[in-house]
Amino acid sequence: MSERRADKRKAFINEFIKDHNGTQAAIRAGYGKAGARVTASRLLANTNISNAVKALVDERSMKAEEVLTRLADMARGDIADLLDISTAGYSFKLLTRDEKGDLVTNPNTKLIKKIKQKVTTTLSKAEDGEDKEFIETELELYSAQEALALLGKHHKLFTDKTDINVTGSIDITSEKALEFLKRVYGDNVTGSGTD
């Protein structure tokens, strides 16, 4: 296979996983627009290409353990991890230094849902006066309470229970229903289950 052909196939794979649109992926990868649909179909039928697409999707997808870890990080998140606090106030610590001393993104920025900044400039009316600029920044983290609720649901910590109070008698004819009710309510349930 020629190097140019291999490069186009690789480009097709990378483009296809963006939106799973074979025709558009073929066009973006440099294949002819007129036959892009047929080309995409042929490429996706190729075992090597379909395996490469699957491997790339698997590599980029989030596994269950990662989802739970991310939720746990959100539940434990503390805004103080994103701030440099001093007696003069605070500043956002969105960058930090790694072991080598290089600036890298603070690992806690994944807790940020939204940052909004408003800049207000006050113009001085006096000739020798100085204009003033005020910067107001709003930072919102993902909800710790929502993350805790999702984690609790995953761990089955919260279950919905329904209380049923019956006055009188109920005729239960299903053996399975009778067994279930006896497990739930004990020997107070009577009936003759016949399926």
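Bear in mind that the values in this text are calculations on the coordinates, not laboratory data. Since this is a predicted model, take the numbers as computed values, not measurements. Cβ placement follows ideal geometry from the backbone for every residue including glycine, while neighbour counts extend to all protein chains displayed.
Distance between the 7 Å Cα→Cβ label points at residue 23 and residue 165: 6.4 nm.
If r is the Cβ-Cβ distance from residue 184 to residue 149 and R0 is 25 Å, what FRET efficiency results, to the nearest 0.05?
Efficiency for this residue pair is about 0.45.
Taking 0.36 nm per residue of separation and subtracting the current Cα-Cα distance, fully stretching the chain between residue 42 and residue 100 would add 16.1 nm. The angle separating the long axis of helix 144-154 from the principal Cα axis of greatest extent in the chain is about 40 degrees. Over 27 Å between C-alpha atoms is what I'm after, so list which of 18/114; 18/100; 33/63 land there. Checking Cα-Cα distances, 18/100; 33/63 exceed 27 Å.
Could you tell me which of rounded, prolate or oblate describes the chain, using a ≥ b ≥ c as the square roots of the eigenvalues of the alpha-carbon gyration tensor, with rounded for a/c under 1.5 and, failing that, prolate when a/b is larger than b/c and oblate otherwise? Oblate is the answer for the chain, as a/c is 1.5 or above yet b/c matches or exceeds a/b. Compared with the dominant principal axis of the Cα atoms in the chain, helix 64-76 is inclined by about 70°. Relative to the longest principal axis of the Cα atoms of the chain, the long axis of helix 47-60 makes an angle of roughly 90 degrees. Between residue 83 and residue 14, full extension at 0.36 nm per residue minus the direct alpha carbon distance yields a gain of 21.1 nm. Rounded to the nearest 500, the 222 nm mean residue ellipticity of the chain from helices alone is -13000 deg cm²/dmol, with -39,500 (n - 2.57) taken per DSSP H run of at least 4 residues.
The three principal axes of the C-alpha atoms in region 3-60 carry coordinate ranges of 32, 25, 17 Å, sorted with the longest axis first. Semi-axes of the equivalent ellipsoid of region 65-149 are 35, 17, 10 Å, computed as sqrt(5λ) over the eigenvalues of the C-alpha gyration tensor in descending order.
Once the chain from residue 33 to residue 110 is taken as fully extended at 0.36 nm per residue, the excess over their C-alpha distance is 23.8 nm.
Once you order the gyration tensor axes a ≥ b ≥ c over the Cα atoms, which shape class does region 36-83 get: rounded for a/c under 1.5, otherwise prolate or oblate by comparing a/b with b/c? It comes out prolate by the Cα gyration axes. Placing R0 at 25 angstrom, the Cβ-Cβ distance between residue 4 and residue 61 gives a FRET efficiency of 0.25 after rounding to 0.05.
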